[in-house]
Amino acid sequence: MHIVLVEPEIPANTGNIARTCAATGATLHLVRPLGFYTDDRHLRRAGLDYWHLVKICYHDSFAELCRAYPDACFFLTTARAERWYTQVRYPPGSFLVFGKESTGLPEEILQAFPDRWIRIPMVPGARSLNLANAVAIVLYEALRQQGFPGMR
């Protein structure tokens with residue numbers, strides 16, 4: 001599985017997500033610009049001693065990521081989606097795409113994949129979840145559907 005963070009802003013969130021990727025074997029893709037330096041102490045602290053277990057790929061744009069993986073199956077998280085994250089089937093190697101904490105995914109990325117939008121259900125009035133929590137929720141559902149490959 002692949003986790004894609006488009007322009008993440010908060011280092012501790014990215015550190016926590018890196019730790020989740022390490023624990024699940026997912027590859028982490030960071031799409032620039034990042035709202036922090038990768039040597040940020042909050043980022044490193046959140047990842048604790050898991051950094052050697054996570055594969056991180058950096059991309060200068062989402063278009064660059066798409067060119068690098070032309071056959072990728074993308075799922076884009078957005079509060080505008082009609083389908084819940086539990087209502088789709090995630091093939092092995094899927095790319096789960098998340099936007100930056102303050103604004104979510106840019107409109108041009110959403111419009112490139114209008115049939116691949118998913119959402120995490122929430123009560124009315126709740127705008128969003130913490131990014132690290134949202135990643136964990138969707139990633140573990142995808143892995144559950146696949147029988148938690150390579151995990152025990």
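Just so it is clear, none of the values below were taken in a lab; they were calculated from the coordinates. Every value quoted in this text rests on a predicted model; they were computed, and no experiment measured them. We place every Cβ from the backbone using ideal geometry, glycine too, and count neighbours over all the protein chains shown.
Per residue of the chain, the DSSP helices (runs of n ≥ 4 H) give a summed -39500 (n - 2.57) that works out to -9500 deg cm²/dmol at 222 nm.
Scaled to the globular estimate 2.2 N^0.38 Å, the Cα spread of the stretch 2-145, given as radius of gyration, is 0.97. When you filter the trypsin sites (Lys or Arg not before Pro) in the stretch 1-101 for DSSP loop state and at most 15 other Cβ atoms inside 10 Å of their Cβ, you are left with LYS55, ARG80, ARG83, ARG89. Secondary structure note: in the chain, about 5% of the DSSP beta bridges are antiparallel. Overall size of the stretch 76-152 from C-alpha positions, given as principal axis extents largest first: 36, 26, 20 Å. Applying both filters, DSSP loop and at most 11 other Cβ atoms within 10 Å, to the GluC sites (Glu not before Pro) of the stretch 82-152 gives GLU82. Applying the criteria of a DSSP loop state and at most 14 other Cβ atoms within 10 Å to the chymotrypsin sites (Phe, Trp or Tyr not before Pro) of the stretch 1-88 yields TYR37. This model, with +1 at the C-beta of Lys and Arg and -1 at the C-beta of Asp and Glu, gives the stretch 2-145 a dipole about its Cα centre of some 380 debye. When the chain is treated as a Gaussian network with alpha carbon springs shorter than 10 Å, the biggest mean-square fluctuation among ALA134, ALA18, ALA26 belongs to ALA134. In terms of other Cβ atoms within 10 Å, MET122, MET1 run from fewest to most in the order MET122, MET1.
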